[in-house]
Structures are given as structure tokens and as C-alpha cells.
1. Take segment 171-188 and flag every residue that is open to solvent by 60 Å² or more (accessible area, probe 1.4 Å) and either β-branched (Val, Ile, Thr) or in contact with a strand residue (DSSP E or B) (Cβ under 6 Å, 6 or more places away or on another chain) (or both).
2. Could you list all residues from segment 444-456 that are under 15 Å from Val577 (Cα atoms) and open to solvent by 10 Å² or more (accessible area, probe 1.4 Å)?
3. Within segment 555-589, which residues are touching a helix residue (DSSP H, G or I) at 6+ places or on another chain (Cβ under 8 Å), open to solvent by 20 Å² or more (accessible area, probe 1.4 Å) and among the polar types (S, T, N, Q)?
4. Out of Phe501, Phe526, I need the residue that is of a type outside the set (A, V, I, L, M) and in contact (Cβ under 8 Å) with a residue 60 or more places away in the chain. Which one?
5. Any chance segment 201-214 includes a residue that's touching a Lys or Arg at 6+ places or on another chain (Cβ under 7 Å), part of a helix (DSSP H, G or I) and at pLDDT 85 or above?
6. Looking only at segment 499-513, which residues are out of contact with any Pro (no Cβ under 9 Å at 6 or more places or on another chain) and either open to solvent by less than 20 Å² (accessible area, probe 1.4 Å) or of a type in the set (Gly, Ala, Ser) (or both)?
7. For segment 637-666: of the residues being modelled with pLDDT under 95, within 17 Å of Thr468 (Cα to Cα) and not aliphatic (A, V, I, L, M), which is most open to solvent (accessible area, probe 1.4 Å)?
8. Name, by its number, the condition in (1) modelled with pLDDT of 95 or more; (2) under 30 Å from Lys381 (Cβ atoms) that does not hold for Ser274.
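The values are calculated or read from the model by the stated rules, or taken from the named source; none is laboratory data. The structure presented is a predicted model; accordingly, all values stated were derived computationally and were not measured. FYI the Cβ positions are ideal-geometry reconstructions off the backbone, even for glycines, and counts take in every protein chain you see. Protein only, heavy atoms only, side chains kept; ligands, DNA and RNA dropped before computing areas. Shrake-Rupley method; radii C 1.70, N 1.55, O 1.52, S 1.80 Å.
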Amino acid sequence: MVTVIKAKKVLIKKAPAPIDLFAMKLYAKPGMHHMTESNVDELIEWMGHQSKLVVDVETTGIDLRGRDEIFGIGIGTKDIQWWIPNCNQIEDSAVTASSSVSFYRFISALEKIPALIAYNLKFDMAGLLMKCKYNPPRSQEWIDIMPMVRMVLYDHKPNMKATAACTRFVGPSEIQYDYFFKKQITKSNKLQRFDYAGEYNLGTYCMGDIYSEALVFNAVLTKIKDWQLTGLYEHHKKLTKTLMNAENIGMYFDREYCQRSYDRLSGRMLELQSEINDLAGRELDIARSTDVANMFHGFGIKSPVITEKGNESWDKNVLKLINHPVAVKIREFRALGKLGETYFANYLAVPGNVLHPQFKNWGTRTGRLSCGEPNVQNLTKMLLSWADLANYVEIDDDDEVDAAMPMDFDKAAKMAEFDENVHLSVRRVFIPRPGYTLVGFDYKQIEMRVLFSFLNNNTILREMEDPTWDAHDATAKLIWDVVPGDDTFEYYRQIAKTINFALVYGIGNKALAKSLEMTQEIASEFKKTYMEKIPEMKAFQEKILETLNIRGYVKNRYGRRYSVSPDQVYKLTNYIVQGTSGEFVCERMNALDEFLADKKTNMISQVHDEVVFEVHSSEMGVLQQLKDILEEPTLGVLLPVDMNFYNPSFVQKAKITLEEAMAMKV
């Protein structure tokens, strides 16, 4: 008896406009195979002889943890490619049980492959894990081509699309299938839905991806070996799975607080809209620059900034220059709108109470992690006052160097003082799951310690063996002979701190003077004194320039290369220090992922220098082991951590001892 199973969702269907069902036959290669009932045994046997396979999933969208589905999977090598349709997602009058059995025979065989390769692999693996009951052994390696590509590029913000990588490392001829397929899709439907292409076309397209990605993998791996980056490659191979594990667990959030905060922000924006309309003398469309421009023109005000296209600019920077009450109101309206949409509205759009941010080990030039969908690395520690939201200033994180600069919140309320009736906080959204405690281990001045570890200053190196060592105290003492308690100590410590950060974050003399609130001449004199008293710092920077001139690039301690134009040399200290620091933290995260494999405690996030955990109430004893793993001196220098206990949310922080934490009852 044949069992008939209805498809749970109609996805593969006819196009709304005529399309050749075999349009992609021109791009079919001899090694391409479409799985059918008659050749499934051949596929399974072939898979049994493979040690590595490139994999690619075709989906209805990017929300694979939610509404979107997989309608087919491609696997293969540069010589042989297979397309495996998902029988549960293909429109048919009847899908037989034998088809379903064949699909899951394939999934079972895929679990046995020692290593899987993909471009943006975590997306493909999310689809397999969430939609296909995929359950591979922990020993299966996951190799993402994207961080491999990033390792061998000097570009500041390179095009990281798979087609761009293929063009760059293989040649444009190998991606013609992609242009042709997308052109056909665009002609047939405005939504550009791949599932309208027909199964043959879609399968051939997917196998084209497998073929081109296999070529890119081979080409980039060769370059990695030529550049002697094999150690970095192995490190990131592990990191892909480490990050995937953290993403799958996700960050638990308080949906009710999120909704309350969003509603209150929306209420304030309605008030602002009314106040702006009153000042403008009419109803103003704040989102339209032309409407804003016409209003200001009515007041006799023109923008002092003209865009490249010759139009007036009315962005936040221009509004700061305009001395008119409506400009202040518009700035506040836009800032609160961005705050509400970036955080609270985005979180509320997610079903349930768990966010699954994507950590990208290919997203920055230095090698540090970046984050998106949503970004949980840009959560400001600042507590905003509901009574004075006008003081809220947008944080512009478009530039990765500026975004990484530490922020001074001395004038803001302390995190531990949070009161929901008084304050608004994005970090308050995040709470631990029942039975767990949020614990963060924050590296203390990691960039400073890494920077000074590059110097051959024995005095500083000895002092850094003390976990309480403070870089700014130490440099103020070394340069200006001041110590805590002296009348001028705080003044010189602030100067030392600013110059230290200027060196680490690649800030030029003009920005340094602005930060110190003094003229460039005076700021330059302070920096000159700094270099004279710590000559090893000047020698380090001169060595960077010399190395760049001789071989065209410099390296961090993990081998990652950096190159810049001569006028940008001052940024290389930042790249080397931040890159080394970032790779070290990720190296420790790999070790933590191994340690936590058989435990209930989870690593859930990394916010630059802080690694965040949900510690199970029955496992508070692991805190010492977590700390030991994080502080293991694999770089030959002590990089200590502070433990932050967050209770009852991510905004209420208390630094406590390990003994106090382990004695707590959750």
C-alpha cells in the first residue's frame, strides 16, 4: 500500500509568467545529477566515499528559524554535484512515502560526511538543523568559505557576496549561470522568488553554486597556505561551529518590558510630532527631506551642507548646526525613532522570547567579530532618562574603528542604579532563562595589555604580571611621575588615557586634540613627551612603517595580514592590537565551547571584550573553570577578566567574587 502524504507547504510552483522550464540546460555540466527515486542508491553510495562536501540550501527566505522553508539541497565537489529536492516542500498532487524516505536517507548519509563546506555556512546549517532534523556528530567539521575569503583580502569593506568571491579568485566566466538564472527570475516575477523557476532550473542553479563554491574554496585554501595562514584557518574552522552553537541557543528577552518601552517611546514621538507641527505651522512629514527643507526655507534657513548630487542635506549633523527649536525637536524625533526601531521593534518582530543574533567572523578588517540580525554588540550601557530623552544622542557605528572606541559614561547613571520608572535601557530587555543566571567575564583593558606586550619595556612587562595593573595609571606614573593621591594625578592620567586610546584605535593628531580639548600644538607636545618617555612605543610604530615599506603588509600575532596606503599607516597599530585581541578572545571561546559540550551552562554572546554565559543553577561551580580558560596566557601575557553578575537583567550589574557567586542560590 502506498501512503499519500500531503505537502505541508506549497513552495515549488509554476511561475506567474511564462518561463522555459529547462532554461538552465545551457549551464548544466556533465557532473550534475538530479536525485530521483531511481538513482537515490547511487547518490548514497557516492556520498559514502566522500570526506568533504560543499553544501548549499535553497530556501523561501532567510528566516529559517521561523516561517521560511528549505525546498532543496545541493551537495558536491568541483567534479560531481547533486540536487536533492525536499519532497515535503514541492507542490505535487501526491507525495509518496518512499520519496520522504529517500530524502531522509540522504540526510542520514550527510550526517556521516566528515566535513561540510559552504559559503556563509551557518545559514545553510541553520536550515538543515531547523528544517531537516539534521543531527550530525560533534566531530563533523564545518568549514565556512566567507572567513577564509576575508583572511586573504586587504580591502576595508570588500564585497563579500559569493559571486564577487568567485569573480575575484576564479574568474567571471564561472558565475554566468548566476546572472542568467536571476535574469530569468526577474523577467518572470517581480518578487524574484526562486521557487517560481521550476525544479530543473532551480536544481541546476543550486548545483552551479556548488561547483563555483568548490572552485573558490580550493583557490582560497591555496592562497591561505601560500600566506602561511593555516593556523588561523584551523582556528576559524572551529570558531564557525562555536558561534553556531551560541546562535542556536540564543538570548532570552523580556517581551513585556520590550513592548512597554516601545509603547512609551511611540507615545513620546507622537508628542514630538505634535510639537513639531505647532512650530512648523502645519503638519510636517519628518521622514521627507524635501518637506523638512521647505519648512526651513519658510523660516529663511538654508542648509549649510550640499550633497554630492547638489541637494541640501538635512541629516542629524546639519540639524546640530541650526539654531532653531524645531531642529532640536526633529533631531530628538529621529533619534528616538531609530532607537525604537533598531532595538525594541526589531525584537518584538521575532516570535517567542529568544533572539538568535548572527556573529560574523568575516565582518571586520581587523578580525574581530561583528554581529547582526540583530546586532547585540551595540547595546549601549547608558541609562536614558524618560524625563530627559532629548539628551539621547545616536551612536554612529558605521566605521568599525570608531565603533570599537570605548565610551565614557561618567555622566550617565550607573547600570546598577536602573529604575524602570525613571530609566530606559536596551540592555534591560535581556534576562536569563528560568533556572539560569547571566554572568559575563569582561577582559580588563585587553587592548592596552596587548599593545604593551608588543613593546620591549621590561618595567611595564613586569608590572603587567599583576592582574590589577592599570595601563593609564602606569603610563601617567612613567611619563609624568604622578601617582594616585597627587593633586595633578587625575589630570595627567586622563591625558595618558587619551593618548593610549589614540594609539590603540588609530586616531590622528587632530582627533586627539579634540578629545583632549586643547590645541593641536599642545596635544602634539604631550604626545611627543609620551614617546620620549616610552621610546619602545615609537620604535614599535617605526617598525610597523618599516615592515610595511619592505614587504607591503604587517601581521598580528595570529598571522592575519593588514595593508594600508602610506597616509593611513597610523591605523595599523589599531589593526594589529585589535586583531590580536579579537582573535585571542575567539580562541578562548573555542576552548569554552569544548568545555561546555556536556554541561547545561551555555555561552550565549560575545560583546567585544566580554563573553556572556547563562550559568545553570546546578553548575555555579564551573565559574572558576570558565575564568581559568578565559585567562589562559596563550599569548605569553596575563589578560585577566572581571566577573560581572547580572541580576535580574543584563542592565543590573554587580562585580562579585567567585566565592560569593558560587555560594549564591538562583
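1. Residue satisfying the conditions is Thr186 alone.
2. Scanning segment 444-456 gives Lys444, Gln445, Glu447, Ser453, Phe454.
3. Ser563
4. Numbers: Phe526 fails: in contact (Cβ under 8 Å) with a residue 60 or more places away in the chain.
On inspection, the qualifying residue turns out to be Phe501.
5. yes
6. Ile499, Asn500, Ala502, Leu503, Val504, Gly506, Gly508, Ala511, Leu512, Ala513
7. Among them, the one singled out is Lys655.
8. Condition not satisfied by Ser274: (2).
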